[in-house]
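Novice: One structure is given below, represented as structure tokens, and several questions about it will come after.
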Amino acid sequence: MQNMSPETLITVLTIIVSGVAIVLGTAVPALAEGRAVEKALEGMARQPEAAADLRTTLLIAMALLESTAIYVLLVVLILLFANPLLNRFFG
């Protein structure tokens, strides 16, 4: 690490941070989606007459949760392929 150029160091750190971000950014929304489905199914089992409303709300909530993972993917792809840090510090 001592013999690395600053550009290489920033690139390596960006790759590591991107890896951690994509793991956390996809695992957390997936766990939240699972919990939302669990609660919705539990509610449908308790009150079958409210199943249509619960299903609609569940689909909207899952779309919002999935968009979080997509935003994380977008940021990670920007960091990996169009790293703004390299241009800012070494432009």
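Novice: Going by the conditions given, is Gly25 within 11 Å of the chain's Cα centre (by Cα), closer than 14 Å to Leu77 by Cα and not basic (Lys, Arg)? Even if it seems obvious, please write down each step before you answer.
Specialist: Working: within 11 Å of the chain's Cα centre (by Cα): yes; closer than 14 Å to Leu77 by Cα: yes; not basic (Lys, Arg): yes.
In short, yes.
Novice: Only one of Met4, Met44 is without any contact (Cβ under 8 Å) to a residue 12 or more places away in the chain and surrounded by 14 or more Cβ atoms within 10 Å (Cβ to Cβ). Can you tell me which?
Specialist: Values: Met4 fails: surrounded by 14 or more Cβ atoms within 10 Å (Cβ to Cβ).
Residue meeting the stated conditions: Met44.
Novice: Separate question: Inspect all residues belonging to the range 18-28 and state whether any of them is assigned to a helix (DSSP H, G or I), touching a residue at least 12 places away in the same chain (Cβ under 8 Å), in contact with a Leu (Cβ under 6 Å, 6 or more places away or on another chain) and within 29 Å of Leu80 (Cα to Cα).
Specialist: Checked the range 18-28: at least one residue is assigned to a helix (DSSP H, G or I), touching a residue at least 12 places away in the same chain (Cβ under 8 Å), in contact with a Leu (Cβ under 6 Å, 6 or more places away or on another chain) and within 29 Å of Leu80 (Cα to Cα).
Taken together, the values in this text are just the output of simple stated rules run on the coordinates, not laboratory data. Note that the structure is a prediction, hence the values are computed from the model and not measured. Using ideal geometry, Cβ is built from the backbone for each residue, glycine included, and neighbour counts are taken over all protein chains shown.
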